[in-house]
Amino acid sequence: MTTTMTESRIGAQYGTDAQRYDTLAYLAGEDTLTEYDRDLMADALLDALRAKVDELLPEGTTWQPDTSALLHPDGEETPDGEELPEIFAAAWEAVEGRYAEIEQATLGGLPATLDGLEAALQAIEDPIRRARVAGLLASSDAVGLAARVRGDAVEEATRQGLSRQEVADLLGTGLPAINKIMRGRRRAS
């Protein structure tokens, strides 16, 4: 037996644009994030929010942020105007509680700026460990490793559909630097 589904509009405040605006406002205080990282985190937080909202909604009901609606089995009751804010508040609370986990999964363990990297290094309490880690970053092996990882990432970004110019713009480098990376990748393979 096939279940007929109905889409019930719930208001623009539950749509993608409003939720993304709220998420970007939430992230605005994160000084260590670049604009690109902020966009990645906003997408990841919204994905987590959508999953949590769906979990809190009645069985068979899903949130459709693109249309500001709930998709539910025909004839089934959906949360009303008093319940929806409570569901979204509980979902945001759960997502905020997982912020570090979501950030780690989305951005990885290293900061994206030199200032952020310096702060992470300075946060290492033991001075010998801090000196060892800083020494590793300054070694010629680390420079080669960083160049390989950057080259892999640039190549992957172009395979995913970004032009070299778009990659250069997002990284804040010139197109000649990206072309040089790509030439080096071709020579290495």
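Structure notes:
- Within region 159-168, considering residues that are surrounded by 15 or more Cβ atoms within 10 Å (Cβ to Cβ) and not basic (K, R), the one farthest from T34 (Cα to Cα): L162
- Tabulated pairs, region 1-23, first under 12 Å from L71 (Cα atoms) and in contact (Cβ under 8 Å) with a residue 40 or more places away in the chain, second exposed (fewer than 13 other Cβ atoms within 10 Å of the Cβ) and not β-branched (V, I, T), C-beta under 7 angstrom, 6+ apart or interchain: T4/D74; M5/D74; T6/D74
- Screening W63 with (1) modelled with pLDDT of 95 or more; (2) within 30 Å of L110 (Cα to Cα); (3) touching an Asp or Glu at 6+ places or on another chain (Cβ under 9 Å) gives one miss only, at (2).
- Taking the listed residues A138, A147, A100, A94, the one that is at pLDDT below 90 and in the same structural domain as K52 (by TED's automatic domain parsing) is A100, with no other qualifying.
- Residues located in region 3-42, provided they are modelled with pLDDT under 90, surrounded by 16 or more Cβ atoms within 10 Å (Cβ to Cβ) and among the polar types (S, T, N, Q): T34
- Flag for A94 being in a helix (DSSP H, G or I), of a type in the set (A, V, I, L, M) and within 17 Å of the chain's Cα centre (by Cα): yes
The values are calculated or read from the model by the stated rules, or taken from the named source; none is laboratory data. Quick caveat: nothing in here was measured; it's all calculated off a predicted structure. Because the Cβ atoms are built from the backbone with ideal geometry, glycine has one as well, and the counts that use them run over all protein chains shown.
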